[in-house]
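K.L.:
Mind looking over this structure? Questions follow.
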Amino acid sequence: MAKQPRYKPLEKSEFFDDQRASRPLVEGTVARGLLGDDELLYHGLVDGKPADRFPFTVDKAVLKRGQERFNIFCAPCHDQIGNGQGMIVRRGYRAPPSFHSDRLRQTEPGMFFQHITKGLGAMPDYAQQISPEDRWAIIGYVRALQLSQNARLSDLSESERQILEGKE
């Protein structure tokens with residue numbers, strides 16, 4: 001068993017007409033777990049349009065993961081609160097728009113997904129660096145940032161207002 005006939009990668013082979021021992025993949029082959037057929041999760045689309053919802057529930061764990069990924073991949077340009085004044089910008093790179101503008105607060109989550117995936121303007125694409133699930137987590141965190149920087153007292157329940165005012 002120790003001495004079996006075998007080919008090394010890219011070795012010449014007389015067996016095949018093209019003389020390659022390494023065979024090309026069968027057309028249409030998809031690696032296990034990489035089909036990506038869920039249009040919402042993997043492309044940020046619903047019926048071909050940017051999604052107005054998330055593909056899963058955004059809970060505390062998702063927001064925490066989103067914050068971690070945001071701080072790694074996004075904060076260098078967008079800064080930690082999303083104003084678009086990150087360290088890269090302070091060193092001369094073109095400033096991205098603030099996430100706190102009315103236009104971006106009203107932008108569908110699917111559009112953010114598209115921009116992270118494919119890039120936009122000076123922003124490169126992050127499809128290879130950030131998994132689809134993490135892209136959605138980042139978007140959830142961006143929504144939390146937007147809410148935190150644009151919250152109104154009227155958004156809180158009466159009990160939450162009392163806590164904030166120190167009456168409880």
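K.L.:
Do we have any residue at all in the range 50-57 that's in contact with a Ser or Thr (Cβ under 9 Å, 6 or more places away or on another chain) and under 24 Å from Gln106 (Cβ atoms)?
P.N.:
yes
K.L.:
Also, I was wondering about something else. Does any residue in the range 20-39 that is within 24 Å of Glu133 (Cβ to Cβ) come within less than 9 Å, Cβ to Cβ, of a residue that is β-branched (Val, Ile, Thr) and at pLDDT below 85 six or more places away or on a different chain, and which pairs are these?
P.N.:
Pairs found: Gly36/Val30.
K.L.:
Is it the case that Gln149 is closer than 23 Å to Lys64 by Cβ and out of contact with any helix residue (DSSP H, G or I) (no Cβ under 9 Å at 6 or more places or on another chain)?
P.N.:
Yes.
K.L.:
Exactly one condition in (1) more than 15 Å from Cys74 (Cβ to Cβ); (2) in contact with a strand residue (DSSP E or B) (Cβ under 9 Å, 6 or more places away or on another chain) is not met by Phe113; state its number.
P.N.:
(1)
K.L.:
Please find, within the range 138-164, the residue that is farthest from the chain's Cα centre (by Cα) out of those that are among the hydrophobic types (A, V, I, L, M, F, W, C) and closer than 14 Å to Leu104 by Cα.
P.N.:
Leu147
K.L.:
I'd like to check something: does the range 148-164 contain any residue that is surrounded by 15 or more Cβ atoms within 10 Å (Cβ to Cβ), over 16 Å from Asp52 (Cα atoms) and among the β-branched types (Val, Ile, Thr)?
P.N.:
Scanning the range 148-164, I find no residue that is surrounded by 15 or more Cβ atoms within 10 Å (Cβ to Cβ), over 16 Å from Asp52 (Cα atoms) and among the β-branched types (Val, Ile, Thr), so the answer is no.
The values are calculated or read from the model by the stated rules, or taken from the named source; none is laboratory data. Everything numeric here is computed off the predicted structure, so don't read it as measured data. Here the Cβ is made from the backbone with ideal geometry for all residues, glycine too, and neighbour counts use every protein chain on show.
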